[in-house]
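Below you'll find the structure, written out as structure tokens, and then a few comments.
The values are calculated or read from the model by the stated rules, or taken from the named source; none is laboratory data. The model shown is predicted, which means the values in this text are computed figures rather than measured ones. Every residue, glycine among them, receives a Cβ derived from its backbone with ideal geometry; neighbour counts consider all protein chains shown.
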């Protein structure tokens, strides 16, 4: 996940702009509909305007696209809980630029402080676009909580502003109803151990369990070769959430990845919340090598697991670390891969840290930053990866160490 400084729930963190404020204001006057000067003038109109580009989904979810094309005041909107800025063209078309957003709390009516979004595209499918569609770029999504107003600043990078700039406002809704199983039960630990180094499958909340709208994703599934590496991410969203809210966060990310970025489905193969609950991500079978869109250039022969939250400064809870270790141990154990070992992968995109075609020797459990120049999975989570590898190896019966985060 592209890393933007996470906002604490209810009171976002104040962030410094990547370029001087005067430069941001100058660009805003040319490019944006939502300028910061007007944001200080007072609240937006009480009645929101029609929701431009509103796309609804099952379970009450929706994505509203607001074009960023001309200078206007901050505006009231329909209710949303996650946002991101997208554009037409390559994912890195805004590289070197800066994007900041400000939102209005739907409960209190107060405007939060400005928040920065990472403008460099680094997640995504290895192919330039899903199903032959036009390539789309986008910032990291930002979980805002219940909001009904927005203002945006965009400062273009060296290449200038990309066309089709817009802010995507996502309402996760209550979730789609489904008769499918809501949870895959955990496997007994001893039974799984008898099959070589296969670790037991953790309990997994299925897509039906978190309310995925299956009409959003493309039909059919994409698969890669046997999983040889697991990449750990964080979602760069708030960390102080109740675990009962995690499905809402996942539904919002799902809609943003599909309708904002134009991907075939949510990018991650799995997600883990702060309580250690594991969620199925991209559709196609949790036990199968589903081709994800999580680590640009290294989605082949790998799986992406995202920690729900932002772990740049906030320490990851022990239960979260345990959940990550359980997923890694099980997924790598399906093909007898040692989570404490190494994996040789080939870069498929020069947009990664390595030119396309380069063979790279990586840890079998790596962080996103090991394959791309990004802060993800956060400065507080990345140093915990050695412990996650050890826990995962213990679950596979490879090492005799206490199972503790």
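Only one of these is touching a helix residue (DSSP H, G or I) at 6+ places or on another chain (Cβ under 8 Å) and not in a strand (DSSP E or B): 201, 248, 259. Name it.
Just one listed residue meets the conditions, 201.
Of 95, 131, 127, which residue is surrounded by fewer than 19 Cβ atoms within 10 Å (Cβ to Cβ), outside any loop (DSSP other than H, G, I, E, B) and either over 14 Å from the mean Cα position of the chain (by Cα) or at pLDDT 75 or above (or both)?
So the residue among 95, 131, 127 that is surrounded by fewer than 19 Cβ atoms within 10 Å (Cβ to Cβ), outside any loop (DSSP other than H, G, I, E, B) and either over 14 Å from the mean Cα position of the chain (by Cα) or at pLDDT 75 or above (or both) is 131.
Residue check: is residue 167 outside the structural domain of residue 264 (by TED's automatic domain parsing), touching a strand residue (DSSP E or B) at 6+ places or on another chain (Cβ under 9 Å), assigned to a strand (DSSP E or B) and surrounded by 21 or more Cβ atoms within 10 Å (Cβ to Cβ)?
yes
Looking at residue 309 and the list (1) modelled with pLDDT of 95 or more; (2) at positive phi, which single condition is not satisfied?
Tallying (1) modelled with pLDDT of 95 or more; (2) at positive phi, residue 309 fails exactly one: (1).
Can you tell me how many residues within segment 207-242 are under 24 Å from residue 364 (Cα atoms) and within 16 Å of the chain's Cα centre (by Cα)?
7
Taking the residues in segment 57-75 that are touching a strand residue (DSSP E or B) at 6+ places or on another chain (Cβ under 8 Å) and either surrounded by fewer than 16 Cβ atoms within 10 Å (Cβ to Cβ) or at pLDDT below 80 (or both) as candidates, determine which candidate is nearest to residue 149 (Cα to Cα).
73
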